[in-house]
Amino acid sequence: MLKSHQTALFPEMDLPHFSEGASGTFADNARLPVHRWFRYSAGFSGAWAADVIRREGKERDVRVFDPFAGSGTTLIAAEQCGAECWGIDPHPFVARVAQGKLAYRTSPDVFVDRAKRVLASARRRTPALDSYAPLIRKCYTDDALAQLDCLRRAVEAQADDSEASLLVWLALAAILRPTSHVGTANWQYLLPSRRKARVQEPFAAFDDMTSTMLQDMRATNGLDTPRAKFTVDDARSCESVPADTFNLVVTSPPYPNNYDYADATRLELTFFGEIKGWGDLQDNIRQHLLRSCTQHVPDHAVDLPAILSRADLDPIRDELTSVCKELGEVRLTRGGKKTYHNLVACYFLDLAEVWHALRRMCSSPSRVCFVIGDSAPYGVYVPVIEWLGKLALSAGFKSFHFEKTRDRNTKWKNRKHRVPLCEGRLWVEG
């Protein structure tokens, strides 16, 4: 059991308040210390997470858990509020980003010394570009790639088990998109045919990034609150996490909207040599993730009747089966490419397992907040919020309610369907 630190909660820190309705976006984080170091496509507001933790902590000791920790938003917020916290994520690259952010309490002097030595070493090196995959050659000019290569080799040459080493790696990872001349915005996949108006020079970008990190580290230097724990783990099992421990869950699971979280990090994974091409995404990354895109669920890999017969889906089976049947039929009129019928079934089976895992992790009473949105693949509406609530009750939680924060899919231009959607916070009590 984690020990609570109520006396440390709510230190007098200048934590910005979140923009109302922005819990599901990363926009606030662009101005928040540490959060801004790496913009992950699935991020949400760190200021909102801190606000939730502060409010909950006024009534009780809080022990926070994030089963979809991503790049560490909830964990950083919990640390800065003084709350005990644990987070997990199965994506190996994103997990390393989170671990890098959580190293922000390292000595600023140690970090800046390491960063200066890495940059000086990179400037002296001779680049070797032949080993880079075609994707990387498309995304960078030869001059930019030469500098990035020298930085990568300098980082690797000085790599050790220290937090300072992890921080300089993160500084390099954080500049890979700003230094590419093609379309690499953090919320989209790579667009090699699109050109940017502004591109940063890698050595200068690395220097700027380390300066930003140093500024944030100095601003939080001396913070005396519990350190968050982070492990690489699957939210469907939470094997590394102690049971009956947490009373507040703040997270945002993947939405069932066909966003491929593996492909979203393909630039970084390819640059660092962790994958060689598209095919490696399945074996190295995608197989570990919750099934939220059709790349996970080709027909040959899914026995749909067996999935739909699983006991975990009892509370929603009839409705789910009907939606999957409709999606399977509509698919045939759209060229038969997108296996949304498999995706929806597998997604809710995975989330059913998550709810059962959370029930084991949480003490009683406890509170869970999911930042989540509904979905309408092929224009077929999927009542995500209602179904997640029913699955939570089936897992042993007591009640749920939904707090809508914004409408989605209301600007119809270039949209594939005109089904109004929304996003908000699913609150579950148990």
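The values are calculated or read from the model by the stated rules, or taken from the named source; none is laboratory data. Computed from a prediction, not measured in an experiment: that's the story for all the values here. Here Cβ is always computed from backbone atoms with ideal geometry, including for glycine, and neighbour counts include all displayed protein chains. All accessible areas refer to the heavy atoms of the entire protein, side chains included, with ligands and DNA or RNA removed. Shrake-Rupley method; radii C 1.70, N 1.55, O 1.52, S 1.80 Å.
Before moving on, here are some points about what is shown:
- Within the chain, helix-based [θ] at 222 nm, where runs of 4 or more DSSP H residues each add -39,500 (n - 2.57), nearest 500: -12000 deg cm²/dmol
- Label-point separation, Arg227 to Asp244 (7 Å along Cα→Cβ), nm: 2.8 nm
- Ranking Ser131, Ala77, Val97 by Cα position along the charge dipole of the stretch 71-134, where only Lys, Arg, Asp and Glu carry charges on their C-beta atoms, puts Ser131 farthest toward the positive end.
- Using Cβ point charges alone (K and R +1, D and E -1), the dipole size of the stretch 136-197 about the Cα centre works out to roughly 580 debye.
- In a simple Cβ point-charge model (Lys, Arg +1; Asp, Glu -1; nothing else charged), the chain has a dipole of about 1240 debye relative to its Cα centre.
- With the simple model of a label 7 Å out from the Cα in the direction of the Cβ, Asp318 to Ala185 spans 4.4 nm.
- Within the listed set Val344, Val419, Val97, the Gaussian network model of the chain (springs between alpha-carbon atoms below 10 Å) gives the highest mean-square fluctuation for Val419.
- If you plug the beta carbon distance of Gln287 and Glu59 into 1/(1 + (r/R0)^6) with R0 = 35 Å, you get a FRET efficiency near 0.30.
- Ser162 paired with Thr333, simple spin-label distance in nm, labels 7 Å along Cα-to-beta-carbon: 6.4 nm
- In the frame of its principal axes, the stretch 139-286 has Cα extents of 53, 42, 29 Å, reported largest first.
- Share of Cα-Cα pairs in the stretch 35-125 lying beyond 16 Å, as whole percent: 60 percent
- Leading residue at positive end of dipole, the stretch 198-316 (Cβ point charges), from Pro253, Ala311, Ala301: Pro253
- Shape category assigned to the stretch 298-430 from the gyration tensor of Cα positions, a/c cut at 1.5: oblate
- For the pair Asp130 and Arg360 in one chain, pulling the backbone fully straight at 0.36 nm per residue adds 77.8 nm over the alpha carbon distance.
- GNM flexibility winner over the chain from Arg317, Arg198, Arg31 (Cα, springs under 10 Å): Arg198
- Loop sites by DSSP among the GluC sites (Glu not before Pro) of the chain, restricted to those with at most 12 other Cβ atoms within 10 angstrom, leave 240-430 as the longest stretch without any of them.
- Accessible surface for the chain, divided over its residues, is 42 Å² per residue with a 1.4 Å probe.
- Within the accessible area of the chain, the carbon and sulfur atoms contribute 48%, probe 1.4 Å, all protein chains present.
- Largest GNM mean-square fluctuation across Ser107, Ser165, Ser193, computed for the chain with C-alpha springs under 10 Å, falls on Ser193.
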